[in-house]
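Quick notes on the structure that follows.
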Amino acid sequence: MTIRVLFFGMLKDLTGRSEESIELHDGAPVSSVFDRYAAAHPRLRDLQASVVPARNQQFCGYDTTLADGDELAFLPPVSGGSGYSHRVQENGNFFALTREPIDSSRLARELLRGEDGAVVTFEGVVRNNTKGRATLYLDYECYEAMAIRVLTQLGAEIAAAHPIGRIALVHRLGRMEIGEASVVVIVTAPHRKPAFDAALEGINRLKKTVPIWKKEYFADGEVWVEGEWDDAVRVPQTTPHPADKP
């Protein structure tokens, strides 16, 4: 059988590829694919505890069985964060990825209802340094098809858990200059406390569950920013039986 394998963020640099198609025996587990690449790139094995696989744009375990035509992505810890490349409007809520500046004020006006008495807007902006090391700019990349699905699911869960009106989650991709907003969370609600609570939950969960990665550029080099997965996303590590290896 043939599957398509994708790598993102630091894993793309480590393996020297963003994607390729490989042949496997029928019923091979995800772990057998990981082992194939780890054998060629030992550093990958060191990172396994923080690498999460996704089969057909859904998080999965290393023991998940693969089928012909599957898309398998290996995702490093996330480090997130008009002209929308992907957008979903659902029950008045808004979720999107964009390579253009985010107009937070306009988006807030579009979400606002007559019965709302509060609008909370959070903007995560690019700062000019990391621990005193001057930052030139950032570059964000993501697994776009999966990211918009996760954003939409995340927003729906938050909207169901809080007495709010509407919620928007928007993330920029590509090159980001100092002072630009890389991510925006907007919540409207009849009362202020649920709006603040939902906005805080939104940014906290977004940064640990949506497959978006950040590379930071300095005058003397660049580095992929290491983040972390939410506990709900982590999957157990398994060692495949020798017979499972391709």
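Each reported figure results from applying straightforward, stated rules to the coordinates on display, with no laboratory input. Everything numeric in this text was worked out from a predicted model, so none of it was measured. Cβ atoms come from the backbone with ideal geometry, glycine included; neighbour counts cover every protein chain shown.
Please name which of 152, 18, 51 has its Cα lying farthest along the dipole of the chain towards the positive end, using unit charges on Cβ (Lys, Arg +1; Asp, Glu -1) and the Cα centre as origin.
Of 152, 18, 51, it is 152.
Please list, in order along region 103-115, the HN-Hα scalar couplings obtained from phi with the Karplus expression 6.51 cos²θ - 1.76 cosθ + 1.60 (θ = phi - 60°), rounded to whole Hz, x for Gly and Pro.
Each residue's phi maps through the Karplus curve to give 8, 5, 4, 5, 5, 5, 5, 5, 7, 4, 10, x, 7 Hz.
Placing +1 at every Lys and Arg Cβ and -1 at every Asp and Glu Cβ, with all other atoms neutral, what dipole size does region 84-224 have around its Cα centre, in debye to the nearest 20?
Values: 19 positive and 18 negative charges, 42 e Å.
I would put it at about 200 debye.
What ratio of Cα Rg to 2.2 N^0.38 Å holds for region 84-224?
Relative to the 2.2 N^0.38 Å estimate, region 84-224 comes out at 1.07.
Mind listing the phi-derived Karplus ³J(HN,Hα) values for region 42-52, rounded to whole Hz, using 6.51, -1.76 and 1.60 with θ = phi - 60°, and x for any glycine or proline?
After applying 6.51 cos²θ - 1.76 cosθ + 1.60, I find x, 4, 4, 4, 5, 8, 4, 4, 10, 9, 10 Hz.
Using only the Cα atoms, what convex hull volume per residue in Å³ does the chain have? Don't skip to the end; give the middle numbers.
Numbers: hull volume 32.2 nm³, N = 246.
With only Cα atoms used, the chain gives 131 Å³ per residue.
Ratio of region 1-46's C-alpha Rg to 2.2 N^0.38 Å, to two decimals?
The value comes to 1.13.
Let me spell out the model: positive unit charges on the Cβ of Lys and Arg, negative unit charges on the Cβ of Asp and Glu, origin at the Cα centre of the chain. What dipole size does that give, in debye rounded to 20?
The dipole magnitude comes to about 560 debye.
Hey, got the dipole for region 2-76? About the Cα centre, +1 on K and R Cβ, -1 on D and E Cβ, debye to the nearest 20?
280 debye
May I ask you to derive the FRET efficiency for residue 156 and residue 100 from their Cβ-Cβ distance with R0 = 25 Å, giving the value to the nearest 0.05?
Efficiency, from the Cβ-Cβ distance: 0.50.
Taking the simple approach of a point 7 Å from Cα along Cα-to-Cβ for both residue 145 and residue 1, what is their distance in nm?
In this crude label model, residue 145 to residue 1 measures out at 1.7 nm.
Most exposed first by the Cβ proxy, i.e. fewest other Cβ within 10 Å, how do 205, 172 rank?
205, 172
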